[in-house]
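Report on one structure; see the data block that follows.
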Amino acid sequence: MDMYDTGHLYDRLQVLEREEMPLGRRERLSFMERPLLAWYSSRARSLPWRDDPEPYRVWISEIMLQQTRVEAVKPYFERFMEAFPTVSHLAQAEDDYLMKMWEGLGYYNRARNLKAAARMIMSEYGGCLPASFDELIRLPGIGSYTAGAIASIAYGIPLPAVDGNVLRVISRVLGDREDIKKASVKAGIEAELKDVMPRDEASHYNQGLIEIGALVCIPGGEPRCSQCPLASICLTRKNGWWKEIPYKSPDKARKIEERTVFIIEYQDKVAIRKRPPKGLLASLYELPNIEGKASGEAVPQVLGLDREQVESVEQLPEAKHVFSHVEWHMTGYRVVLSKEENPLSCFMVSREDLEQTYALPNAFNAYTKLIG
Ligand code: ADE
């Protein structure tokens with residue numbers, strides 16, 4: 001018997017396949033349970049939200065983990081829990097402070113949805129996340145993955161939690177070449193996992209699949225099949241298909257926008273402004289910027305300033321930021337003013353306030369790091 005007790009399973013698979021009784025998808029998936037749970041109990045990483053899977057903590061961690069790797073999430077998670085220790089604190093969060101606590105994680109609508117959901121949890125559920133998939137999925141920002149993750153990890157409800165990691169693992173195990181971007185493919189895998197998953201080990205089963213996707217059956221590289229508890233069950237491993245599976249249809253080309261970004265300084269202050277309440281990076285603060293690529297000579301005029309109001313203009317390096325549907329290709333200028341002005345509807349803040357109070361999205365990182 002090998003380490004994960006897969007030897008006899010492998011024998012059975014071999015017999016079935018040799019006898020030309022190809023395994024059905026359901027049977028292949030049902031072989032996963034034992035090796036997966038054995039592997040998870042010995043290999044799972046100790047993580048702050050895992051070691052204390054209280055519903056609020058599971059929820060916040062899952063939302064953060066949708067956009068960022070585990071190691072990067074850890075410090076954000078701890079800081080967020082200190083700032084907003086309960087659903088009630090989050091429901092009452094001041095918006096700018098909430099954004100500041102989310103600064104750097106990106107996808108700021110997720111933070112806004114967290115607060116909206118926290119308010120609903122206060123008004124409809126007395127501050128406790130509902131222990132029901134159907135009620136969880138009605139909350140803002142919670143889709144089938146997050147509802148399944150909270151239901152299973154925090155409440156032990158036997159429902160799947162299928163994210164990109166799990167889609168990769170399952171499509172590989174099954175040798176399934178369907179497009180994992182299709183909602184119907186995800187819904188199909190959710191239904192199949194719901195059918196085969198254990199009734200009393202939902203948390204470890206789901207987290208085991210997620211963990212294999214993160215550590216073993218990794219995205220964007222050769223899977224570490226020698227470490228995988230599902231290797232003997234996996235059709236992709238058997239046939240060497242890992243470069244082809246999972247199949248993902250190509251993304252639509254992103255729109256490219258040229259922008260010119262300004263670091264406008266006067267003494268120890270820098271100009272920022274608040275973005276509009278709708279659209280990209282809604283209600284966040286930003287360095288002033290305009291559409292298009294301005295030349296150095298045009299800078300005073302673009303800012304609506306006379307030459308004598310501008311002490312110096314310095315060209316800064318170009319930079320690029322990729323959003324999901326748009327790319328910003330940026331040029332920048334450092335503009336030192338000779339007296340305090342508020343061009344482009346900005347206001348001036350001290351460097352200290354900029355650091356401590358105002359959330360500036362990562363899109364501006366190439367320039368914010370140049371603010372002295
Ligand atoms: N990624 C998404 N959810 C996760 C979890 N619960 N543990 C580790 N990585 C994850």
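Which percent of the accessible area of the stretch 25-239 is formed by carbon and sulfur heavy atoms (probe 1.4 angstrom)?
Answer for the stretch 25-239: carbon and sulfur cover 49 percent of the accessible area.
If R0 is 35 Å, what FRET efficiency do you get for LEU280 and GLU82 from their C-beta distance, rounded to 0.05?
My answer for the efficiency is 0.75.
Just to confirm my numbers, what's the Cα centroid distance between the stretch 331-346 and the stretch 38-83 in Å?
The distance from the Cα centre of the stretch 331-346 to that of the stretch 38-83 comes to 42 Å.
Residues with amide H under 5 Å of ILE263's amide H, sequence separation 5 or more or different chain, H placed in the peptide plane at 1.01 Å from N; which?
TYR333, ARG334, VAL335
Would you pull out the residues with amide H under 5 Å of LYS181's amide H, same chain only if 5 or more places away, H placed 1.01 Å from N?
Under 5 Å from the amide H of LYS181 lie the amide H atoms of SER249, each far enough along the sequence or on another chain.
Please give the contour-minus-distance gain from SER295 to SER132: 0.36 nm per residue of separation, less the Cα-Cα distance, rounded to one decimal in nm.
Going from the current span to full extension adds 53.0 nm.
I need the calculated FRET efficiency for the pair GLU314 and LYS74, taking r as the beta carbon distance and R₀ as 41 Å, to the nearest 0.05.
Using R0 = 41 Å, I get an efficiency of 0.60.
I'm a student and want to see the number: the projected area of the Cα convex hull of the stretch 25-239, averaged over all directions, in nm².
Seen from a random direction, the Cα hull of the stretch 25-239 projects 11.5 nm² on average.
Decide, for the stretch 206-249, between rounded, prolate and oblate: order the square roots of the alpha carbon gyration tensor eigenvalues as a ≥ b ≥ c, take rounded if a/c falls under 1.5, and otherwise choose prolate if a/b is larger than b/c, else oblate.
In terms of gyration-tensor shape, oblate.
Taking 7 Å along the Cα-to-C-beta vector as the label spot, tell me the HIS8-ARG254 distance in nanometres, rounded to one decimal.
5.2
Compute the Cα gyration tensor for the stretch 218-372, then decide on rounded, prolate or oblate, letting a ≥ b ≥ c be the square roots of its eigenvalues: rounded whenever a/c is under 1.5, prolate when a/b is larger than b/c in the other cases, and oblate in all that remain.
Judged from the Cα gyration tensor, the stretch 218-372 comes out prolate (a/c at least 1.5, a/b above b/c).
Express in whole angstrom the spacing between the alpha-carbon centres of the stretch 347-372 and the stretch 225-287.
Measuring centre to centre over Cα atoms gives 21 Å.
Contact order normalised by length for the chain, with contacts defined as Cα pairs under 8 Å and 6 or more residues apart; what percent is it?
Dividing the mean separation by the residue count of the chain yields 16 percent.
Could you tell me whether the stretch 174-251 comes out rounded, prolate or oblate from its Cα gyration tensor? Rule is a ≥ b ≥ c as square roots of the eigenvalues, rounded for a/c under 1.5, then prolate if a/b exceeds b/c, otherwise oblate.
Verdict is oblate for the stretch 174-251.
At a threshold of 8 angstrom on Cα-Cα distance, excluding pairs fewer than six apart, so keeping six or more, what relative contact order does the stretch 25-239 reach in percent?
Normalised by residue count, the contact order of the stretch 25-239 is 25 percent.
Given a cut-off of 28 Å, what percent of all Cα-Cα pairs of the chain lie beyond it?
The answer is 55 percent, as a whole percent.
Based solely on its DSSP helices, what 222 nm [θ] is calculated for the chain when runs of n ≥ 4 H residues each add -39,500 (n - 2.57) and the sum is averaged over all residues, nearest 500 deg cm²/dmol?
That calculation yields -12000 deg cm²/dmol at 222 nm.
Which residues' amide hydrogens lie under 5 Å from the amide hydrogen of PHE323, considering only partners 5 or more residues apart or on another chain, with H built in the peptide plane?
Those qualifying (amide H under 5 Å, at least 5 residues apart or on another chain) are TRP328.
Measuring with a 1.4 Å probe in the full set of protein chains, what accessible area per residue, in whole Å², belongs to the chain?
Per-residue accessible area for the chain comes out at 49 Å².
Using a Förster distance of 25 angstrom, determine the FRET efficiency expected from the C-beta separation of SER41 and LEU16, and round it to 0.05.
After rounding, the FRET efficiency stands at 0.35.
Could you please state, rounded to a whole Å, how far the C-alpha centre of the stretch 202-216 is from the C-alpha centre of the stretch 127-168?
Their Cα centres are 15 Å away from one another.
Between GLU54 and GLN356, what is the spin-label point distance in nm, taking each point 7 Å from the Cα along the Cα→C-beta axis?
2.8
Between ARG307 and LYS182, how many nm apart are label points set 7 Å from Cα along the C-beta direction?
6.5
The values are calculated or read from the model by the stated rules, or taken from the named source; none is laboratory data. Fair warning: this is a prediction, and the values are worked out from it, not measured in the lab. Ideal geometry is used to build each Cβ from the backbone, glycine not excepted, and the neighbour counts take in all protein chains shown. What goes into the accessible areas is simple: the full protein's heavy atoms, side chains included, and nothing from ligands, DNA or RNA. Shrake-Rupley method; radii C 1.70, N 1.55, O 1.52, S 1.80 Å.
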